[in-house]
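Here's the structure we're looking at; comments come further down.
Just so you know, all these numbers are worked out from the coordinates, no wet-lab data involved. For clarity, every value in this text was computed on a predicted model and none was experimentally measured. Methodologically, a virtual Cβ is constructed for each residue, glycine included, from the backbone with ideal geometry; neighbour enumeration extends over all protein chains shown.
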Amino acid sequence: MGGTFDPIHHGHLVAASEVADRFGLDEVVFVPTGDPWQKGALRVSPAEDRYLMTVIATASNPRFHVSRADIDRRGPTYTVDTLRDLRAQYGPKTQLFFITGADALEKILSWKDTATMFELAHFIGVTRPGFELSDAHLPADTVSLVQVPAMAISSTDCRARVGAGKPVWYLVPDGVVQYIAKRGLYQGVISASSSPS
Ligand code: ATP
Ligand code: MG
């Protein structure tokens, strides 16, 4: 599951857990993005902070892991590179699934090398409140759509809440609440819009 994870929240964790159960996955690997080219104009927290929050959030689940593949690779993050790196790391016999929310799935066709991506992994699009999960133009043999328990949480909203001095308890794991406070993240964030992006 790729993402900016700025910060990771319970929407990500529920989606990962639900997909792991439905598809009988051995592991879910969370891959925080390096330089997020699609959010180029927006300020994103340092990769190391996003990586550590993801580690904290997933530490208690023996099936959840975090990969540094995207943050250690130079240049902007492309999903096709992420999948190539994971394929190289796990070997040709491992079946890869890429878990993505309805909003991100929409953008898949705008990503580069879609054909190669579909060869490298099976894509799983999960429902997300506020976004339509449409199967239009998506090849059924390489993309599955899955209903997960609705969690109307976004990182954008979490950042805006912290910036406004509002609580994020129970939206993100306890350790992540404490990490955000310890590092003073999102202090300057002004809520231009609290809708997810
Ligand atoms: P931001 O608001 O900064 O874009 P976000 O909440 O969308 O953050 P991302 O890191 O952008 O989080 O998302 C990583 C992946 O998780 C994407 O595929 C996204 O669609 C999915 N996702 C995020 N939040 C949810 C949610 N509440 N339910 C289901 N999927 C989600
Ligand atoms: Mg997003």
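Please identify the longest segment of the chain free of exposed GluC sites (Glu not before Pro), where exposed means a DSSP state other than H, G, I, E or B and no more than 14 other Cβ atoms within 10 Å. Present the calculation step by step, with values, prior to reporting the outcome.
Details: sites that count: Glu27, Glu132.
With GluC sites (Glu not before Pro) excluded where exposed in loops, the chain gives 28-131 as its longest stretch.
Counting only residues at least eight positions apart within a chain, or on another chain, the aspartates and glutamates with an alpha carbon under 20 Å from that of Lys166 are Asp6, Asp157, Asp174. Of the three principal axes defined by the Cα atoms of segment 59-125, the extents in descending order read 34, 26, 25 Å. Couplings 3J(HN,Hα) for segment 170-182, derived from phi with the Karplus relation 6.51 cos²θ - 1.76 cosθ + 1.60 (θ = phi - 60°), are 6, 8, 10, x, 3, x, 6, 4, 5, 5, 4, 5, 4 Hz, where x marks Gly and Pro.
Explain nothing, just the number: relative contact order of the chain, from Cα pairs under 8 Å at least 6 residues apart, as a whole percent. Intermediate results must be reported in sequence, preceding the final value.
Values: 290 pairs, mean separation 47.7, N = 197.
That works out to 24 percent.
Amide H contacts of His122 (H built 1.01 Å from N, in plane; Pro and chain starts excluded): Leu96, Phe97, Phe98 sit under 5 Å, all sequence-distant by 5 or more or on other chains. What the Cα convex hull of the chain gives, in volume per residue, is 119 Å³. In order along segment 60-70, the Karplus-derived 3J(HN,Hα) couplings, from 6.51 cos²θ - 1.76 cosθ + 1.60 at θ = phi - 60°, round to 7, 9, x, 8, 9, 10, 10, 9, 8, 3, 6 Hz, and Gly and Pro are given as x.
Phi angles across segment 76-86 convert, under the Karplus curve 6.51 cos²θ - 1.76 cosθ + 1.60 with θ = phi - 60°, into 3J(HN,Hα) values of x, 8, 10, 4, 4, 5, 4, 5, 4, 5, 5 Hz, Gly and Pro given as x. Between the helical axis of 47-58 and the longest alpha-carbon principal axis of the chain there is an angle of about 80 degrees.
Distance between the pseudo-spin-label points of Phe131 and Ser60 (7 Å out from Cα toward the beta carbon): 2.6 nm.
Proximity of backbone amide H atoms, modeled 1.01 Å from N, is registered between Leu145 and Gly125 at under 5 Å, excluding neighbours fewer than 5 places apart on the same chain. Only the Cβ atoms of Lys and Arg (+1) and of Asp and Glu (-1) were treated as charged; on that basis the dipole of segment 2-152 about its Cα centre amounts to roughly 240 debye.
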